[in-house]
Amino acid sequence: MSLSRFLSLSLTLAASLGLTVGDARAQTCPGDDTFEDNDDCASAVTLTAGTHAGLALKGQANAGGLDNDYFVISVPNGQQLTVDALFSHAGGDIDLLLYEGLGCATLTSIGGTATDDETVVATNTSGATQDYSLWVDAYGTTFDCNDYTLVVTISSDPCAVPMTDPYEDNDDCPSAQVLPGGGAVGLNTQNGDEDFYIITAAPSSLTLIDVNFLHAAGDIDAVLYADLGCVTQAAISQTVSDNESVSYQNTTAGPIDLVLNVYGYGPGFGCNDYDIVVSTAVDPCLSLPEDGNEEDDDCAVANVVGEGLVAGQATFIGDPDWFEVSLTDGETVTFDALFVHANGDLDIELLDACNGNQIGLSQSVDDNEQIIWTNTTGATTTVYLEVYVWQGSTYACNGYDLDVTLTGGVAGSPMCAGDGSAGACPCGNESAPGAGEGCSHSGGVGAVLETDGTNSVGADDLTFTVTQAIANQPSMLVQGAALVAVPFKDGLLCTGNPTERIEIVFLDGSGAGTSSASIVTEGAVSPGDTRYYQQWYRNPGGVSPCGSGSNFSSGIVVVFEP
């Protein structure tokens, strides 16, 4: 059919309708282990010292339902119990909770790191053999299943004969002992016996203090005070079963005396040996300049940014940076805060409006931050990103680049699929259910209409692309002011009266084509208008499913904004 006949066909259509023509990897779940059913504290089974492999745990996301495990372990008086849970993959996060006694009532130790092996420890000082209840917890609503191994160790209490600490008695702030400039080794803290040290921070420098301890089972925390009376807390480090680090930034011209408090964490803590390493570094915040976007310290004066790299930024404790980004419906934004050094720990938070609700948060430890958010509001929306320095950061500042990536997003929403959901196709030529295509053409599939750009009348950047139509054929983008579902030719016509002809588009060798005309001008649209769009394309009559010679794509509905 010639183009003139195709255009004539469009006029015939209009006349007949009274229109005006113008990346989670699946986990294979294990079966029950030999200790089942030990699904609650009352049904806990006895566990002895040694390695117990081939255990299995199922979580809330498992089709068979939640299946936690409970065990009972007997520990002689004066002995220390250590339980290690070693599991197969990080995607199924297992936690451990250890209770004193059989009733799972008195919690004594927790192993709750994120997607990592766990350890709990308790020392029996009751004077008799003590039973401990162990809960192996499938943590989180997304937990499916995991294999794991329990290693149960019962050994002599290492705190029975503690190491001699040369700085004792330094059990409170008034009795704090002066620590040499580089630190000290061979220190020891016990349950109820905290340690306090005086450390001098050099002028105009950063003092770094590392508390490195012997074994993760005896969890030590550290607090640093900026005065000799232990009143003003300057830093705190409370990682789970790991070494601790605190720092102090002295911006004055003279030395400042600090007090470091080292103590054991948790009711199950017995003791631990540790070393303290003190070092001094040049404070990078003394020479880091403000960036060119200042003052952007609150969302009311946020920097308006689009896709791309915002380079050379700087932020300080108490002096955050704010950015705002507008997203069309369905559009996804990825914020990457890429910063210069790990010791100036930056975090980012995303709000749905200025001073609005939190919709994203990234607070990794000493690492770059990322937030990904998709606009599902049904309209163009503006979000606000705060970049700030974590209060406990080693350095009180950092330089960074903000990388903003925008993907997806549609100016309109799909409608009028040819899979039967919007109405029957003319001759039983429905497309595959859920494919989002129009009625099937001679190629066995239906054509799909998609948008690019925005639904902004002012921007006037909206375009339509049809794919999966018939190669090397003419087509027409049509606009309707009402939604209908009329079987017509080989397809469904959903662009109801009044209908406008927007543009003739010649399809390429793959059956694809994109509009180039102004939708705002050719469609005479204004803010607040709702319009419906389809691509009408030629399918030679000798081979088209219904023999009519043309078909329609799926549709798009657009609600125009200013």
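The values are calculated or read from the model by the stated rules, or taken from the named source; none is laboratory data. No experiment lies behind these values; they were computed from the predicted model shown. In this analysis, Cβ positions are derived from the backbone assuming ideal geometry, glycine residues included, and neighbour counts consider all displayed protein chains.
The residues listed here are THR113, THR82; of these, the one that is hydroxyl-bearing (Ser, Thr, Tyr), part of a loop (DSSP other than H, G, I, E, B), over 24 Å from GLY31 (Cα atoms) and under 36 Å from the mean Cα position of the chain (by Cα) is THR113.
The single condition among (1) modelled with pLDDT of 90 or more; (2) surrounded by fewer than 18 Cβ atoms within 10 Å (Cβ to Cβ) that ALA44 does not satisfy is (2). Look at the range 145-159: where a residue is farther than 12 Å from VAL83 by Cβ and a partner is among the basic types (Lys, Arg) and surrounded by 18 or more Cβ atoms within 10 Å (Cβ to Cβ), sitting 6+ places away or on another chain with Cβ atoms under 9 Å, you get CYS145/LYS58; ASN146/LYS58.
Residue-wise test of (1) under 18 Å from ASP452 (Cβ atoms); (2) at pLDDT 95 or above.
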residue: PRO487; (1), (2): no, yes
residue: ASP490; (1), (2): no, yes
residue: PRO498; (1), (2): no, no
residue: VAL505; (1), (2): yes, yes
residue: ASP508; (1), (2): yes, yes
residue: ALA512; (1), (2): yes, yes
residue: SER515; (1), (2): yes, yes
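Kindly indicate which of GLU369, GLU430 is under 19 Å from the mean Cα position of the chain (by Cα) and acidic (Asp, Glu). Unique residue meeting the criteria: GLU369. Taking the range 527-556 as the search range and keeping residues that are more than 42 Å from the chain's Cα centre (by Cα) and surrounded by fewer than 16 Cβ atoms within 10 Å (Cβ to Cβ), which one is modelled with the highest pLDDT? Step by step, filter the range 527-556, then rank; the result is GLY547. Considered as a group, the residues in the range 325-366 that are within 14 Å of LEU385 (Cα to Cα) and touching a Cys at 6+ places or on another chain (Cβ under 9 Å) include one that is surrounded by the fewest Cβ atoms within 10 Å (Cβ to Cβ), and that residue is ASN355. Among the residues examined, GLU561 does not qualify as more than 38 Å from the chain's Cα centre (by Cα) and of a type in the set (Asp, Glu).
Which residues, taken from the range 240-283, are more than 34 Å from the chain's Cα centre (by Cα), within 23 Å of GLY344 (Cβ to Cβ) and hydroxyl-bearing (Ser, Thr, Tyr)? Matches in the range 240-283: THR251, THR252, SER279, THR280. In the set (1) in contact with a Phe, Trp or Tyr (Cβ under 9 Å, 6 or more places away or on another chain); (2) at pLDDT 90 or above, the condition left unmet by GLY344 is number (2).
Looking at the range 114-133, can you tell me whether even one residue there is modelled with pLDDT of 90 or more, within 30 Å of ASP193 (Cα to Cα) and among the charged types (D, E, K, R)? Yes.
Yes or no, residue by residue, for (1) closer than 21 Å to GLY192 by Cβ; (2) in contact with a Gly (Cβ under 6 Å, 6 or more places away or on another chain); (3) surrounded by 20 or more Cβ atoms within 10 Å (Cβ to Cβ):
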position: VAL246; (1), (2), (3): no, no, yes
position: ASP257; (1), (2), (3): no, no, no
position: ASN261; (1), (2), (3): yes, no, yes
position: GLY266; (1), (2), (3): yes, no, no
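Condition first: among the hydrophobic types (A, V, I, L, M, F, W, C) and surrounded by 18 or more Cβ atoms within 10 Å (Cβ to Cβ). Now tell me which residues in the range 446-478 satisfy that. Scanning the range 446-478 gives ALA447, VAL448, LEU449, LEU462, PHE464, VAL466, ALA469, ILE470, MET476, LEU477, VAL478.
A quick yes/no check of all residues on (1) surrounded by 17 or more Cβ atoms within 10 Å (Cβ to Cβ); (2) more than 30 Å from GLY266 (Cβ to Cβ); (3) at pLDDT 90 or above; (4) β-branched (Val, Ile, Thr):
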position: SER8; (1), (2), (3), (4): no, yes, no, no
position: ASP40; (1), (2), (3), (4): no, no, yes, no
position: LEU66; (1), (2), (3), (4): no, no, no, no
position: GLY91; (1), (2), (3), (4): no, no, no, no
position: LEU97; (1), (2), (3), (4): yes, no, yes, no
position: LEU107; (1), (2), (3), (4): no, no, no, no
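Can you find a residue that is farther than 14 Å from ALA447 by Cα, in the same structural domain as GLY528 (by TED's automatic domain parsing), in contact with a Gly (Cβ under 7 Å, 6 or more places away or on another chain) and among the hydrophobic types (A, V, I, L, M, F, W, C) anywhere in the range 509-517? Taking every residue of the range 509-517 in turn, none turns out to be farther than 14 Å from ALA447 by Cα, in the same structural domain as GLY528 (by TED's automatic domain parsing), in contact with a Gly (Cβ under 7 Å, 6 or more places away or on another chain) and among the hydrophobic types (A, V, I, L, M, F, W, C).
Pull up the range 227-244, narrow it to residues that are at pLDDT 95 or above and among the aliphatic types (A, V, I, L, M), then point me to the one that is surrounded by the most Cβ atoms within 10 Å (Cβ to Cβ). Restricting to residues being at pLDDT 95 or above and among the aliphatic types (A, V, I, L, M), the top hit is LEU228.
Looking across the range 191-208, just one residue is in contact with a helix residue (DSSP H, G or I) (Cβ under 9 Å, 6 or more places away or on another chain) and modelled with pLDDT of 95 or more, and that is PHE196. You will find that of ALA524, ALA481, ALA485, the residue that is more than 24 Å from GLY423 (Cβ to Cβ) and surrounded by fewer than 20 Cβ atoms within 10 Å (Cβ to Cβ) is ALA524 and no other. Consider the range 506-539 and keep the residues that are assigned to a loop (DSSP other than H, G, I, E, B) and hydroxyl-bearing (Ser, Thr, Tyr). The one that is farthest from GLU437 (Cα to Cα) is SER526.
Residues in the range 436-475 that are assigned to a strand (DSSP E or B) and under 28 Å from GLU331 (Cβ atoms): VAL448, LEU449, GLU450, THR451, ASP452, SER456, THR463, PHE464, THR465, VAL466, THR467, SER475.
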